[in-house]
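**Student:** Handing you this structure, nothing more for now.
The values are calculated or read from the model by the stated rules, or taken from the named source; none is laboratory data. What you see is a predicted model; the values in this text were computed from it and never measured. All Cβ positions, even for glycine, are placed from backbone atoms using ideal geometry, and neighbour counts span all protein chains on display. The protein model used for the area step is the full one, side chains on, heavy atoms only, and it has no ligands, DNA or RNA in it. Shrake-Rupley method; radii C 1.70, N 1.55, O 1.52, S 1.80 Å.
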Amino acid sequence: MSITVLGLWIALLQGAPPAASEHHPQVDRLSARIAAELVEPEAVPGYGAPARPSGDGVMITGARTAPSAGTDALRITLTANLVGAGPRLLLVDAGVGFRDPLGKVWVPVPGQHLVIQGAESSHVIRVLPVTPKQARPVPNMPLRVVALKDQALIALLREVRRIEQSAPTDLARYVKVEGDGPPTVDTAVVNRDAMLASWLVWSRTAGGALRATFPVRGLTLAVLALDPHGFSEGDAVEWLREHEGLRVQGATEAVTRAVPLIEGLLERVGLNPKGFSSAHADYHFNEGLRAMARGDAAAALTRFEAAARLDPKDREARYAVGVAAYRAGKFQDAADAFLVATGMQGATADAHYNRAAALYRLDDRLGAARSLRRTLTLAPNDEDAAAWLKLADPEGRTAPPPPPPPKKRGKRRRRTP
Amino acid sequence: MSMASPVRLARALIWTGVVAGLTACGGPQVVSAQQQLDTPMTPQVVTPAGPSPEELTRQVPTLRPLPGAKPVRPAGYQAAAAAADPDPAPIIAEPPAPPPAPAPPPSDEDTLE
């Protein structure tokens with residue numbers, strides 16, 4: 001390492017450590033240092049334009065795909081120019097993505113930093129795909145830069161960096177260092193921290209301090225889990241088979257190992273981890289919806305039943321069991337499921353209405369009429385329910401009995417003993 | 001003139017019945033090939049076994065739809081205010097890699113060899 005770089009470190013170490021909100025005078029963030037010629041000229045749906053850099057500092061003027069090794073993250077080469085005095089530290093933060101010629105966006109792996117010095121220099125960073133159907137571009141393809149507007153993605157990338165920073169102190173008790181060998185995690189403790197420690201990749205810095213980094217595969221799957229079109233455990237297995245060439249068993253085992261950490265990460269940034277893995281009702285519920293969308297009511301019924309079994313208090317799952325059973329022609333099962341749904345807390349008028357539909361199919365007109373009356377109790381303006389009630393029970397046999405007439409108050413007679 | 005035997009009488013009656021029956025049915029009709037060609041083919045009208053889907057729709061209430069999905073990213077997700085940029089201090093405070101140790105000067109023995 002040159003004397004100039006050492007000078008940077010000494011200068012940085014001499015100064016007070018910057019607070020989270022303020023920027024150190026010799027530190028730049030990638031998202032704020034993109035040159036105008038590198039910005040995607042056209043508006044891209046879901047993305048914005050990066051902030052214009054101001055003042056002296058690092059200026060990123062070029063980005064191209066670089067040769068990547070095997071299943072590791074895609075690598076890209078950045079061209080950096082230094083305006084003003086150097087050297088400077090460039091933090092590769094969350095906030096921008098690199099758009100390839102196919103229109104796909106790649107986001108930087110968190111926690112990378114570069115020392116920039118000299119008029120022009122090249123640096124390699126690693127990036128991750130943001131959508132599952134995203135093939136690697138060939139090396140030396142020009143890339144454009146867009147600003148990320150996805151709050152969930154930015155929060156996730158920043159949380160990864162935060163975990164990596166705090167892990168060497170917070171999780172050090174689970175890490176064993178012997179001699180010059182690599183740090184290992186060997187603990188009999190079973191809790192979330194121990195699991196996180198065993199999942200992270202541990203190494204040592206040049207100074208001998210512990211360093212923790214997220215494994216690329218798990219990080220990639222966590223990012224893909226944010227795909228707005230849905231990306232769950234099953235999709236992750238397929239993705240590993242396609243992109244890493246794993247067999248079904250290997251891919252399944254890899255995903256099973258990664259699931260707890262992915263879910264933990266999603267939970268930490270306020271997302272719904274229950275939609276990702278098959279251990280949760282939400283996952284099966286979503287799979288059921290997908291099956292219904294492709295017209296497979298029998299498969300949907302199996303999924304919805306699994307969701308209702310995993311979370312017996314899930315009223316929507318029970319309701320969905322009714323809908324799928326109805327679509328599969330199992331009207332009695334549908335009526336039963338709707339009956340359970342109507343008995344749960346927060347029961348909706350639709351559940352009563354659908355029970356009426358199922359009973360109608362079973363030719364139980366009076367039963368349907370009773371359900372329609374309950375529908376109207378919850379939704380008095382439901383015109384459909386009112387119309388069907390007239391057809392199901394024209395004589396009003398299911399109508400509640402009229403209230404008893406008020407008792408006439410007469411003079412009390414005093415009983416004489 | 002001899003009397004007709006009962007057997008003959010029975011045969012005559014049977015044949016009379018057969019002829020009368022054939023006559024009532026119009027008898028065997030001979031249709032020429034030209035007539036067959038001239039007669040337009042009419043498709044057979046198949047009566048549906050049950051009510052049509054439209055009729056079924058009219059006869060029973062239409063099922064109300066399923067609720068929405070429960071995705072990983074809830075609708076209207078807002079990242080917590082805590083999702084700010086992480087503090088770069090740990091990176092800055094990280095000591096740099098030590099410069100490579102300079103090669104020791106060649107000893108006399110090395111020079112001799």
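**Student:** Report, in listed order, any pair from A:K133/A:K176; A:K133/B:K70; A:K176/B:K70; A:K149/A:K176; A:K390/B:K70 with a Cα-Cα distance greater than 31 Å.
**Tutor:** Pairs exceeding the cut-off: A:K133/A:K176; A:K176/B:K70; A:K149/A:K176; A:K390/B:K70.
**Student:** Between B:A75 and A:E395, what FRET efficiency comes out of the Förster formula 1/(1 + (r/R0)^6) with R0 = 41 Å and r the beta carbon distance, rounded to 0.05? Walk me through the numbers on the way to the answer.
**Tutor:** Details: r = 45 Å, r/R0 = 1.10.
It comes out at approximately 0.35.
**Student:** Would you jot down the residues in the range A:155-183 that end up with at least 20 Å² less accessible area in the complete protein assembly than in the chain alone, with a 1.4 Å probe?
**Tutor:** Relative to the lone chain, where solvent access is computed with a 1.4 Å probe, the range A:155-183 loses at least 20 Å² at A:A155, A:R158, A:R161, A:R162, A:Q165.
**Student:** How much solvent-accessible surface does A:D100 expose, in Å² to the nearest 10, with a 1.4 Å probe and all protein chains in place?
**Tutor:** Here the residue's solvent-accessible area equals roughly 10 Å².
**Student:** Picking from A:A349, A:G396, A:L301, whose Cα lies most toward the positive end of the charge dipole for the range A:289-417 (charges on Cβ: Lys, Arg +1; Asp, Glu -1)?
**Tutor:** A:G396
**Student:** Let me ask something else about it. Accessible area, 1.4 Å probe, largest first: how do A:E305, A:E42, A:E159 sort?
**Tutor:** The ranking, largest first, comes out as A:E42, A:E305, A:E159.
**Student:** Probe of 1.4 angstrom, ligands and nucleic acids ignored: what's the accessible area per residue over chain A, in square angstrom?
**Tutor:** On a per-residue basis, chain A sits at 52 Å².
**Student:** How big is the B-A contact in terms of buried accessible area, both chains counted, 1.4 Å probe, rounded to the nearest 100 Å²? Intermediate results must be reported in sequence, preceding the final value.
**Tutor:** Numbers: alone 11910 and 23600 Å², together 30910 Å².
So the buried area, both faces added, is about 4600 Å².
**Student:** When chain A is treated as a GNM, springs tying every alpha-carbon pair under 10 Å, which of A:A357, A:A63, A:A135 comes out with the largest mean-square fluctuation?
**Tutor:** Looking only at A:A357, A:A63, A:A135, the biggest GNM fluctuation is shown by A:A135.
**Student:** Please sort through the DSSP H helices of chain A and keep those with an alpha-carbon extent of at least 24 Å along the long axis and a Kyte-Doolittle average not below 0.0.
**Tutor:** A:248-268
**Student:** Within the P(r) computed for the range A:145-278, what percentage of the Cα pairs occupies the region above 22 Å?
**Tutor:** Cα-Cα pairs in the range A:145-278 separated by more than 22 Å: 43 percent.
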